[in-house]
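Here the structure is laid out as structure tokens; the discussion comes afterwards.
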Amino acid sequence: MKSRRMNLKSTLSALALAAPLALVAMGNDASAEKVLRVAPHADLKNLDPIWTTAYITRNHGYLVYDTLIALDEKLRPQPQMLEKWEVSDDGLKYTFTLRDGLRWHDGSPVVAEDAVASLNRWAKRDTMGQKLMDFTDSLVASSEKVFVLTLKEPYGLVLDSIGKISSNTPFMMKKEMAETDPFEQVPEVIGSGPFIFDKDAWVPGSKVVYRKNEAYVPRSEPASYAAGGKVVKVDTVEWLYIPDPATTMNALIAGEIDYWETVAPDLVPAMEGDPNIVIDVIDPLGTQGWLRPNHLNPPFDNPKARQALLHMVRQADYLRAIVGDEKLWRECGAYFMCDTPLDTAIGADPLMKQDFEMAKKLLAEAGYNGEKVVLMQPTDIPVLSGASLVTAQLLRQVGVNVEVQAMDWSTLTSRRAEKKPVSEGGWNIFHTYSTGADTSSPISNAGVSAGCEEQAWFGWPCDQMIEDLRDQFSREADPEKQKQIVKKLQTRLFEVVPYVNYGQWFQPAAYRKNLSGVLVSPVPFFWNIEVN
Amino acid sequence: MYAYIVRRILATIPVMGVVAVFVFLLLHLTPGDPATVIAGDYARPEDIVRIREQLGLNDPLYIQFGNWLWRLFQGDMGISIFSNLPVTHLIQQRLEPTIMMALTTIIIAIAIAVPLGVLAAWKQGTWVDRAVMVFAVLGFSVPIFVVAYAMIWGFSIKLKWLPVQGYTPIGEGLIPFLRNIIMPAVALGMVYVALIARITRASVMEVLNEDYIRTARAKGLASTTILIRHALKNAAVPIVTIIGIGIALLIGGVVVTESVFNIPGLGRLTVDAILRRDYPIIQGLILVFSGVYVLVNLLIDISYTFLDPRIRY
């Protein structure tokens, strides 16, 4: 018995001695490899940023792929994989030259044919790409490093399109991958970007691991949005998807993660007192809320009824309900966002001054007589669910017989494609939002497209003048002239009301104080960040 | 006995068949379209049609069902619409965390609930009995997420004893595994403890009124011997039954627990797949869940023969 006790004692003593050693060993391991642990806004479900527009796949794309051109903080196109571009005097021929040192993750060099194949695939899926190809006569590689794009007629957005910062971003892929049908996912992730995707470590729904690409040669300029040097200062980036915001917050407080991409606004106060946490707005452009009426169904097939919505809405009501903290939102009448190059307040008065009497008058003039109005409420997206309830209340206040139909977002995305009348399962209103990176241009902002049932986005606005002005904008290369066109366009938009902008808000991110070099940008980038 | 087991296993095939048809129809008749999710918010209608074609979603329902069934017979549950990975691979990846959490929960629950139930029955009408019943009512009434957040606040944020979230496979060490699994298992086990404790109390109380218990007492047997060897053993059948039925409760609770503690298990895989209408994953998971349920019931039925020698199949 005694000897058994002695054995137990010695085992415990050995364990007591071994435990700190093991901890020290673990500590050494941790310090040997610099790991940036990120809680992303969503789970990475698929890996092809051309196949899907999901922002999480776009963010994945920025880690493993690279772009030819990238936008800087003034939204100006800058060379990224390119050494230079030259434009012919007539503006019809663009000659692009790749920079030195570009290699795919399998070690092979990046060549001009890869770029041509990648642009062709992207253009089959992206709206700006499709528009670019409408103007394109030919796109060919003339040597290993040079390719030439020849236009049929002048087009002002060639560089902006190739440098598009948000989905679908024209990421460069190896020719064999880029030849995949754009409606199928690429079979392998072979990029040339600053990180390499570790497929074996990928657990969908939980974890994604990116290793530093030691062969990547960053540009020498400082990082600025997607442009400049992508200098990687960690060995590994781990995305740990945590679906529950409260758990994410607790994990950040406990130091189990370093960076939380999208903080739920209601949890900001709970973290503000923690000296180890920085809460910051990383995306300076923000997000714009859209109340989308169906232009095919009464009463919103009548422009006066849609104008009534402008008078009915007060942005502050929405923003207080869905965001809360006044530091994180602003009222903004501009269709192309405030504080962007195309920001203008022209025509926005009806939106910025709530007037129920005017709203009721316009509804009456539109012939509205108490018919049921169907509002689709996506209950699984808190921001949109809240905005739907605010709209429902406002509609009731101006005398509209509103029926709120609760559903999940997947169901809503199917229902909104229905063009049928309300009595046959159609709809009148839904809400969504769009980030500044997508909304700040008349071409990439899908909500202002007024191409009728054939071409416009769900809700199907139809107005030739809007389409003509968008076309003029796309052909114009001079920023000042573009601004003049946008003023005319916005004036017309407030007459037609393709959607009602219910405000602009800024998504906060949170990270631990041991991080430095976090970049301000509409897309979260993970280069330049140091884990101290 | 062996013939019975074989008969029961064979009987699961039509059950699974009915489940398969029901699930398939239910999913495909529910509104929602994975093609619209894939295509993104700004997709053109023709892009959505093209994606639907690629995914085979434009085929008539009976052809889609036939294709799925044919692949299933070959052991292929299909490919996830979104991740492009085989469903069997995705389920395998998530199986261990869920199984380990369920097992730990059951072990903890039985270890706490059975002694509590026996104690309450033995001390019937006293403050001990009432305390156990108050605990049981609380276990039923307090939602899992409340218990979970309270434990995270206490043990992770304030005391810093346990990690907030995540899962460590048991293969990477017992201690790291236990550090991650203990809070989810306790949170999930609360309802289970309450359920088993109540049934144990009721069953043991019933047995304690039997003549043979009185005889045992009259013979002067020790209380613990009477309780464990005579009362508990004879009260075991309803307790084991409720443990089996509780597996269904467990499956439901797993979804919330896995979300709160960020455990990459089958519960979260199910919810994610439903929200995105990833049909192959949902179909595969429902088959796995129903298979587990049928198997657990079979095991319980077989266990009766060991617990009660009068039962013969």
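The values are calculated or read from the model by the stated rules, or taken from the named source; none is laboratory data. Not measured: the values here are computed from a predicted model. Backbone-built Cβ (ideal geometry, glycine too); neighbour counts: all protein chains shown.
Descriptive notes on the structure:
- Flag for A:Arg306 being basic (Lys, Arg) and over 30 Å from A:Pro524 (Cα atoms): yes
- For the range A:317-339, the criterion of a residue being within 14 Å of chain B (Cβ to nearest Cβ) and among the aliphatic types (A, V, I, L, M) is satisfied by no position.
To keep it simple, each residue is scored yes or no on (1) surrounded by 17 or more Cβ atoms within 10 Å (Cβ to Cβ); (2) away from chain A (no Cβ under 14 Å).
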{"residue": "B:Gly56", "(1), (2)": "no, no"}
{"residue": "B:Ser80", "(1), (2)": "yes, no"}
{"residue": "B:Ile91", "(1), (2)": "yes, no"}
{"residue": "B:Ala102", "(1), (2)": "yes, yes"}
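- In the range A:356-370, residue surrounded by the fewest Cβ atoms within 10 Å (Cβ to Cβ) [restricted to those that are among the small types (Gly, Ala, Ser) and assigned to a helix (DSSP H, G or I)]: A:Ala364
- When the range A:216-248 is filtered for residues that are within 14 Å of another protein chain (Cβ to nearest Cβ), among the hydrophobic types (A, V, I, L, M, F, W, C) and in contact (Cβ under 8 Å) with a residue 60 or more places away in the chain, the ones remaining, listed by number, are A:Trp239, A:Leu240, A:Ile242.
- Within the range B:181-195, residues that are under 18 Å from B:Ile170 (Cα atoms) sit with their Cβ atoms under 6 Å from residues that are at pLDDT 90 or above and polar (S, T, N, Q), at 6+ positions apart or across chains, in these pairs: B:Ile181/B:Thr104; B:Pro184/B:Thr257; B:Ala185/B:Thr104; B:Ala185/B:Thr105.
- Selected residue [without any contact (Cβ under 8 Å) to a residue 40 or more places away in the chain, closer than 24 Å to B:Gly253 by Cα and within 14 Å of chain A (Cβ to nearest Cβ)] from B:Ile175, B:Ile157: B:Ile157
Residue by residue, here is whether (1) without any contact (Cβ under 8 Å) to a residue 40 or more places away in the chain; (2) in a helix (DSSP H, G or I); (3) among the small types (Gly, Ala, Ser) holds:
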{"position": "B:Val23", "(1), (2), (3)": "no, yes, no"}
{"position": "B:Gly32", "(1), (2), (3)": "no, no, yes"}
{"position": "B:Ala43", "(1), (2), (3)": "yes, no, yes"}
{"position": "B:Glu46", "(1), (2), (3)": "yes, yes, no"}
{"position": "B:Val49", "(1), (2), (3)": "yes, yes, no"}
{"position": "B:Arg52", "(1), (2), (3)": "yes, yes, no"}
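- The residues of the range A:95-114 that are hydrophobic (A, V, I, L, M, F, W, C) and over 17 Å from A:Arg219 (Cβ atoms), listed by number, are A:Trp104, A:Val111, A:Ala112.
- Among the residues of the range A:249-260, those that are within 11 Å of chain B (Cβ to nearest Cβ) and in contact (Cβ under 8 Å) with a residue 12 or more places away in the chain comprise A:Met249, A:Ala251, A:Leu252, A:Ile253, A:Gly255, A:Glu256, A:Ile257.
- Long-range neighbours under 7 Å by Cβ, at least six apart or interchain, first residue within 17 Å of B:Val146 (Cβ to Cβ) within the range B:255-279, second among the small types (Gly, Ala, Ser): B:Val255/B:Gly267; B:Thr257/B:Ala148; B:Thr257/B:Ala187; B:Glu258/B:Gly265; B:Glu258/B:Gly267; B:Val260/B:Ala148; B:Phe261/B:Ala148
- Condition met for A:Val373 (assigned by TED's automatic domain parsing to the domain that holds A:Gln484, of a type in the set (Val, Ile, Thr) and either surrounded by 21 or more Cβ atoms within 10 Å (Cβ to Cβ) or part of a loop (DSSP other than H, G, I, E, B) (or both)): yes
- Any chance B:Arg71 is at pLDDT 80 or above and among the basic types (Lys, Arg): yes
- Filter result for the condition that a residue is in contact with a helix residue (DSSP H, G or I) (Cβ under 9 Å, 6 or more places away or on another chain) and either at pLDDT below 90 or over 19 Å from B:Thr104 (Cα atoms) (or both), over B:Val137, B:Val147, B:Val193, B:Val164: B:Val137
- Listing of strands (runs of 3 or more DSSP E) fully contained in the range A:413-525 that carry 2 or more residues being more than 14 Å from chain B (Cβ to nearest Cβ): A:500-505, A:508-512
- Where strands (runs of 3 or more DSSP E) fall entirely within the range A:35-148, those with at least 1 residues that are over 26 Å from A:Ile282 (Cβ atoms) and of a type in the set (A, V, I, L, M, F, W, C) are at A:82-87, A:93-98, A:136-141.
- Of all positions in the range B:182-200, none carries a residue that is in a helix (DSSP H, G or I), of a type in the set (Gly, Ala, Ser) and more than 22 Å from the chain's Cα centre (by Cα).
- Matching entry among B:Val296, B:Val256 (being aliphatic (A, V, I, L, M) and surrounded by fewer than 18 Cβ atoms within 10 Å (Cβ to Cβ)): B:Val296
- Across the range A:453-469, the qualifying residues are those that are at negative phi and in contact with a helix residue (DSSP H, G or I) (Cβ under 7 Å, 6 or more places away or on another chain), and the one among them that is surrounded by the fewest Cβ atoms within 10 Å (Cβ to Cβ) is A:Met465.
- Count of residues meeting criterion [at pLDDT below 95 and either part of a loop (DSSP other than H, G, I, E, B) or within 22 Å of A:Ser444 (Cα to Cα) (or both)] in the range A:317-337: 3
- Residue match in the range A:192-204 (condition: among the charged types (D, E, K, R) and in contact with a helix residue (DSSP H, G or I) (Cβ under 6 Å, 6 or more places away or on another chain)): no
- Checking A:Val232 against (1) touching a helix residue (DSSP H, G or I) at 6+ places or on another chain (Cβ under 9 Å); (2) among the β-branched types (Val, Ile, Thr); (3) surrounded by 21 or more Cβ atoms within 10 Å (Cβ to Cβ); (4) assigned to a loop (DSSP other than H, G, I, E, B), the condition it does not meet: (1)
- Candidates are the residues of the range A:128-154 that are among the β-branched types (Val, Ile, Thr) and without any contact (Cβ under 8 Å) to a residue 40 or more places away in the chain; the one that is surrounded by the fewest Cβ atoms within 10 Å (Cβ to Cβ) is A:Val140.
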